[in-house]
Each structure stands twice: as C-alpha cells, then as structure tokens.
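A quick write-up on the structure given underneath.
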Amino acid sequence: MIKNIIFDFGSTIIDNEGVDLIIDAALKRNMDPEHAQKMEKVHKIAAQVQNGEIPLGDFLRSSFQLTNVTQDDIRTVTSLLANKISDQVLDTISGLQQRGKNIFVFSSNFEEVVRPVTTSLDIPSENVFANQLLYDNEGKVIGFNENNPLFLSVGKVFLAEQLRIEGVLDERTAVVGNSHTDLAIRKSNNATMFVYYSTQNTMGDIKGQADFVVDRFDQLMPLFCTNEELSNETAEAYAVAINGKQIVTPHIILLENIHKNAFEQLSHQDFTVELFKSAWSEQEICEKAIDAHALGIRSKTRITRKHFECLSNLWAIGAYCIGTNQIDLHAASNAGIPVFNAPYSNTRSVAEIVAGEIIMLMRRVFEKSSAAHQGRWLKSAQGCNEVRGKTVGIIGYGHIGSQVSVLLEVLGMSVIFHDIVDILPLGNAQKAASLDDLLQRSDVVTLHVPDTELTRGMIGTNELKKFKSGSFLINSSRGQVVDLDALAHAIKSNHLAGAAVDVYPEEPSHPDDTFQSPLQGLNNVILTPHIGGSTEEAQINIAHYVSTKLKNFLLTGSTIGAVNFPEVDLARVEGTHRILHIHRNVPGVLAKINSVLSRRNVNIEGQILQTRGEIGYLLVDIDRHVSDHVLDLLRHISETIKTRKIV
C-alpha cells in the first residue's frame with residue numbers, strides 16, 4: 001500500500017515547467033527583440049536537464065543570464081499559475097489526502113512560485129521543498145541559494161534520503177514526475193514506485209524505466225488506492241472516467257476474395273465482417289481499416305510497420321495462405337498483434353499440381369495442345385518421356401516438399417532432396433550430398449522454399465549451368481527464388497527442356513493488370529497465375545483454419561498457431577472476465593503485475609504467462625466486478641504494449 005507520494009511540480013502539478021514562464025515574463029517586460037530565440041534556447045536546455053544531460057544549476061544560471069528577472073516577473077507567474085490549477089489536480093490531490101496519503105512536493109522551481117500553488121492544494125508547508133532566489137534591494141534577482149540541495153541534480157535523492165532517515169518517508173513511498181531526477185528517487189530505493197506522468201513530454205528512456213505511465217492526473221487515484229480506500233461509487237466513477245469505452249463487437253475486414261466460408265464462419269460469431277475482392281494499397285488500408293480489430297489477407301496485400309502505427313484498433317491478422325513474408329512480423333509482434341496463417345492447409349493442392357506439371361512437361365503436352373488449337377497435328381514421340389525411372393530433386397523438404405516426394409515415388413520416380421534443416425526422409429527418398437549434387441543428378445528440379453535472404457536468387461545463371469542437359473525446373477515456392485531472365489536463356493539455348501512457374505518477382509494486384517514475364521512465348525513452358533494452392537478444397541481448409549484461429553483469439557485470447565507470438569491457451573472460468581496483457585519481455589514485469597493484483601486484493605481464478613523473444617503475453621481470469629480497475633492498472637505499467645478485456 002502506498003502511503004507517501006512525492007510529486008514533481010513543473011509539468012506535473014502545473015502544465016508548465018515554471019522557470020520558462022519566469023523567463024518569458026521577464027523577456028516580455030523588457031520587450032526583448034530576441035524573445036523567440038531566447039525562449040527556444042530555454043526550452044532546449046530544459047529538455048537537456050530533464051534527460052540528465054546537463055546539471056540543473058547550469059540550466060538555472062544560463063536561463064537567468066538571458067534577461068533581467070525581478071520580483072514583479074515572479075509575481076506575474078505566480079498569479080498566472082494560481083488560476084491554472086486543473087480540476088483534476090485539485091480533486092485528485094484532495095482525494096488522496098482524504099484517504100490518508102501524505103503528499104510531498106520536490107521542485108527545482110522556486111518557493112515564490114511553488115508555495116502559493118501548494119498552499120491552495122492544502123499541502124502542508126513542511127512537505128514542500130523548492131529552490132530559493134536571491135534579490136538585491138531593488139527586487140532584482142541576483143542569484144540562487146546554491147546551498148539548497150535542490151539546486152543540485154541529485155538534490156531530490158538527497159532530500160528523500162534525509163526524510164527516510166528522519167522517519168518521515170518509508171518503503172511505502174511513490175514518486176510522480178517525468179524527469180531523470182524523479183526516476184533517480186526510485187532507482188536509489190527511496191521509493192518503491194515511479195509513475196511517469198506528463199501530458200506534454202515524451203521522454204522515451206525515462207518513460208521506459210517507469211513502473212507505471214499515466215497521462216491523466218485522475219488516473220493516479222486508483223493507482224495509489226486500494227479497494228478498501230475507494231468506495232464502490234468512487235471506484236466505478238474512476239473506471240468510467242479512465243476507460244471511457246464499452247465492450248465492442250469485433251470488426252473484421254477480409255481482403256483478396258477470401259473464401260466465403262471464412263465470412264460465414266466469423267459472421268456466425270456475431271462479429272461484424274466485411275469481405276472485399278481485391279487487395280488494398282498501404283494507404284487504402286490505413287484509411288479504410290482504421291476501425292478494424294482483425295484483418296484477413298492473402299499473398300498480395302503487404303502489411304508494413306506503417307500499418308501498425310495507423311491502425312490503433314487492430315488486434316490480430318489472419319494470413320489466409322501458407323507464407324507470411326508479405327507481413328512485417330517483427331513490427332507486428334512489437335505492436336502486440338499476433339499473426340495466424342495456414343501452413344499446411346493447401347499442401348496437397350500444391351503437391352498435386354507439381355506432380356501434374358512434371359508429367360505435362362516430360363510429355364510436352366502443353367506444346368502439343370497449343371499446336372492442336374492452331375490446327376497443327378504434332379503426333380510425335382520425340383522429346384517425350386515417361387516419369388517412371390527418372391530422378392526428381394526437391395529443394396526444400398518441408399510440408400509440401402515431402403508430400404511431393406510421396407506422390408512422385410508412387411509414380412516410379414527416384415527422389416533426392418536438399419534442405420538446410422536435417423530432416424528424416426519419407427519412403428525411399430535420399431538426401432543429396434549438396435545443392436550442386438542435386439542439380440547435377442536431377443531430371444526435374446522442383447523448389448519448395450520460403451522467401452528468405454538465403455533463398456532469394458538461389459537459382460541463377462551459375463546454378464542453371466549445373467543442371468543436367470534436357471532437364472526441367474518447377475517453381476511453386478516464391479517469386480524471388482529464381483532469376484527468370486537466366487531461366488529464359490537456359491531454355492532458349494536448349495540447355496533446359498522446359499519449366500513450370502507459378503510465382504513471380506512481381507505479380508499483378510488486380511485481374512485487369514497486365515502480366516509480363518521473360519518466359520512468355522517459350523516452348524514447353526507452363527506459366528500459371530500463382531494458383532498452386534488455389535483449389536476449392538484448399539481454400540475451404542484455409543478459410544476454416546485461419547478463421548478458427550482468429551475466432552479463438554478474439555473470444556478467448558488463445559494464440560496457439562501464431563507465427564510471431566508466445567503461444568498461450570487457457571480454459572475459461574465461468575463467471576470471470578479475462579484480461580489480456582501484452583508487454584515487453586524485460587525483468588520485473590511479472591512483479592509489477594502481481595503487485596497491481598495484490599494491492600487490489602484481486603482473486604485470480606486462472607492465469608498463464610508465456611514469453612517469446614521481446615514479447616510477453618499474460619492471460620488472467622478475475623472476478624468480473626473488478627475487471628475494469630485491473631485492466632486500467634495493467635494498462636499503465638510502463639512495459640505494456642496492448643491490453644484487452646474479454647467478457
């Protein structure tokens with residue numbers, strides 16, 4: 001329980017730093033022609049002080065050297081501040097004091113400015129500490145009391161230590177502010193909690209080291225008070241004022257003509273679902289999906305870091321396809337957004353088209369079919385072969401590659417494969433000694449690799465030269481893997497007898513867009529428009545799998561199957577609300593969470609926490625009557641990325 005609260009003065013109890021107001025008033029009185037330039041200098045130096053880059057004393061000396069400051073300037077500022085104390089500050093300070101909290105003010109500003117404000121807030125005089133100005137007989141400021149501890153950058157820590165020695169402060173102390181001097185009180189163990197508060201400044205390093213972060217003064221009340229200290233009416237009022245949101249119905253946008261089963265499955269959950277046929281540009285997504293809680297895409301839509309900055313309501317992404325290279329997964333996880341895909345749902349469809357293409361290429365079926373359409377009769381066995389007894393080399397022996405292996409063995413082909421991962425072969429397949437070994441031995445080479453730095457451009461001019469003369473290449477993996485100009489040259493020179501390509505470096509976004517490739521017009525070359533996994537069965541499987549993952553996350557917080565997130569699942573406890581807390585995975589977060597829950601006397605019905613890389617993910621089931629308070633307190637933990645409540 002917090003008993004003592006130390007407040008900074010500038011940008012905390014008042015909206016400004018105070019010193020800048022004094023200098024501004026003096027410059028105006030003196031009608032200084034360099035008013036704007038000098039104030040800019042004051043603000044720049046003030047920021048350096050708050051970040052701990054220069055000593056406080058240097059800032060005060062530099063600022064007061066810019067102009068002549070008098071008692072009249074001080075009175076002007078004091079009068080101005082007396083009328084600028086917000087109702088939130090008045091009510092919160094009063095409310096904390098009524099509940100037995102001891103309020104202290106440690107300020108680098110001056111007593112003449114600070115004390116009139118603290119007096120109006122009924123803060124005891126002996127609890128207020130500030131710097132002191134020195135004047136000459138005419139009321140002109142001539143210096144500072146440099147013996148005052150607060151004149152030094154370490155002054156707040158010194159004061160806190162002295163008050164602890166005297167027994168005025170104890171371990172039940174919190175500090176509220178936004179500068180490194182406030183943080184230093186916490187880091188020196190003179191306070192058990194540092195709350196970063198500011199409506200103006202965004203100091204990432206200081207903010208990131210805080211225990212809690214708030215941007216409204218009234219958010220401090222439930223942070224420092226227990227359930228017993230807050231009446232039910234008061235607690236409810238603060239929860240409404242802070243949260244300001246009702247439970248919303250998830251809004252889901254599905255792009256790229258995702259199978260209608262996805263729309264139907266998600267709509268049955270009473271979600272608001274919209275289905276669109278085409279992909280959207282980066283700007284279109286930012287503009288049209290601003291209210292979306294979940295986004296469903298396929299391979300054409302690109303999701304970038306910009307989207308996670310502009311889509312503040314986004315909770316999850318469903319990739320209705322196998323790959324996720326079209327999504328910035330690192331940016332997604334850092335934004336607290338899990339991504340779900342369907343890694344196995346179209347495996348069979350791709351394997352079947354590859355098997356069919358091998359037969360079509362080796363029998364030169366497409367070449368003869370085109371001739372027949374043109375009225376020519378190419379009834380010849382020249383260059384046509386059975387697949388039985390031939391060797392197929394599979395590059396990438398994962399879920400698709402291994403299933404291709406099984407199908408082709410049934411057709412009588414010998415299978416060799418290459419993979420950077422040590423994988424147990426199926427059937428009679430054998431691992432090639434190296435990639436070069438595979439290229440030199442294979443009658444057909446088929447690619448089934450992801451789009452990574454290692455695989456981009458892995459089949460180029462040098463690799464194609466190592467292929468057996470008269471062999472074939474099939475690419476149903478990723479468009480950047482093969483150099484298509486080099487492949488076209490290998491076919492034109494008759495080094496390769498043909499190819500089948502389903503993926504390309506650049507693919508049209510819309511059906512009406514023109515498709516161009518250096519392989520167009522070449523004999524015995526099969527070009528398909530990225531349809532390897534495009535079967536009704538595959539699309540139904542994908543629609544069901546990804547939609548189920550999205551539904552489970554939206555309804556329960558389950559992230560099983562997420563490609564970029566800690567995988568968590570927890571059975572629901574009847575009569576509870578579930579809180580989802582996504583945070584940066586750094587030491588001490590769990591302690592803060594447990595501190596929040598214990599101070600609110602929260603009875604936990606169920607809880608699970610998992611981490612992955614930089615991200616931590618907590619699911620906690622608690623009594624529904626206190627869920628709003630807990631949600632708000634967890635939201636203010638400085639490491640928090642995203643929070644959500646499920647009823």
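The values are calculated or read from the model by the stated rules, or taken from the named source; none is laboratory data. Being a predicted model, the structure only gives us computed values, none of them experimental. Every residue, glycine as well, gets a Cβ built from its backbone with ideal geometry; the counts of neighbours run over all protein chains shown. Side chains included, ligands, DNA and RNA excluded: accessible areas come from the protein's heavy atoms. Shrake-Rupley method; radii C 1.70, N 1.55, O 1.52, S 1.80 Å.
Assorted remarks:
- Overall dimensions of the range 291-390 by Cα: Rg and Dmax, Å: 22.2, 63
- Expected-Rg normalisation [2.2 N^0.38 Å, Cα atoms] applied to the range 456-599: 1.70
- A crude spin-label estimate for the pair residue 215 and residue 134, with each label 7 Å from Cα along the Cβ direction, gives 4.3 nm.
- Take every DSSP beta bridge whose two residues both sit in the chain; close to 35 percent of them are antiparallel.
- Volume per residue for the range 373-531 equals 133 cubic angstrom (convex hull of Cα atoms).
- Summing charges over neighbours of residue 179, with a neighbour being any other residue whose Cβ is under 10 Å away from its Cβ, gives -2 when K and R count +1 and D and E count -1.
- For residue 5, net neighbour charge (Lys/Arg +1, Asp/Glu -1) across residues whose Cβ lies under 10 Å away: +3
- The H on the amide N of residue 273, modeled in the peptide plane, is under 5 Å from the matching H of 252, each at least 5 residues off or on a different chain.
- Where labels lie 7 Å past Cα in the beta-carbon direction, separation of residue 494 and residue 41 in nm: 8.4 nm
- Peptides 369-382, 16-29 ranked from most to least packed by the mean count of surrounding Cβ atoms within 10 Å: 16-29, 369-382.
- Residue 94 versus residue 624: modelled label distance in nm, points set 7 Å from Cα along the beta carbon direction: 3.5 nm
- For residue 287 and residue 534, the FRET efficiency from 1/(1 + (r/R0)^6), where r spans their Cβ atoms and R0 equals 30 Å, is about 0.55.
- Point-charge dipole on Cβ atoms (K/R +1, D/E -1) for the chain, about Cα centre, debye to 20: 2120 debye
- Calculated FRET efficiency for the pair residue 309/residue 585, C-beta based, R₀ 35 Å, to 0.05: 0.95
- All lysines inside 26 Å of residue 492 as judged from Cα atoms, apart from same-chain residues fewer than 8 positions distant: 368, 379, 390, 465, 466, 468
- For the chain, hydrophobic long helices are taken as DSSP H runs at least 18 Å long by C-alpha position along their axis with mean Kyte-Doolittle hydropathy of -1.0 or more; these are 35-50, 347-362, 536-556.
- For the peptides 37-48, 535-546, residues were scored by their other Cβ atoms within 10 Å and the scores averaged per peptide; the highest-first order is 535-546, 37-48.
- Of 420, 545, 103, farthest towards positive along the dipole that unit charges on Lys, Arg, Asp, Glu beta carbons give the chain: 420
- Flagged links, alpha-carbon separation over 20 Å, of 41/207; 288/549; 156/207; 288/645: 41/207; 288/549; 288/645
- Calculated accessible area for the chain comes out at 45 Å² per residue, all protein chains present (probe 1.4 Å; ligands, DNA, RNA ignored).
- For the listed peptides 406-415, 601-610, 249-258, a ranking on the average number of other beta carbons within 10 Å per residue, highest first, reads 249-258, 406-415, 601-610.
- Relative intensity, log₁₀ I(q)/I(0), of the range 558-647 from a Debye sum that treats every alpha carbon as a point, q = 0.14, 0.18, 0.25 Å⁻¹: -0.44, -0.74, -1.39
- For the range 131-206, the normalised intensity computed at q = 0.15, 0.17, 0.27 Å⁻¹ comes to -0.63, -0.74, -1.17 (log10 of I(q)/I(0), Debye sum over alpha carbons, equal scatterers, no solvent).
- Using a 4.7 Å Cβ-Cβ cutoff, the cysteines of the chain lacking any partner cysteine are 225, 321, 384.
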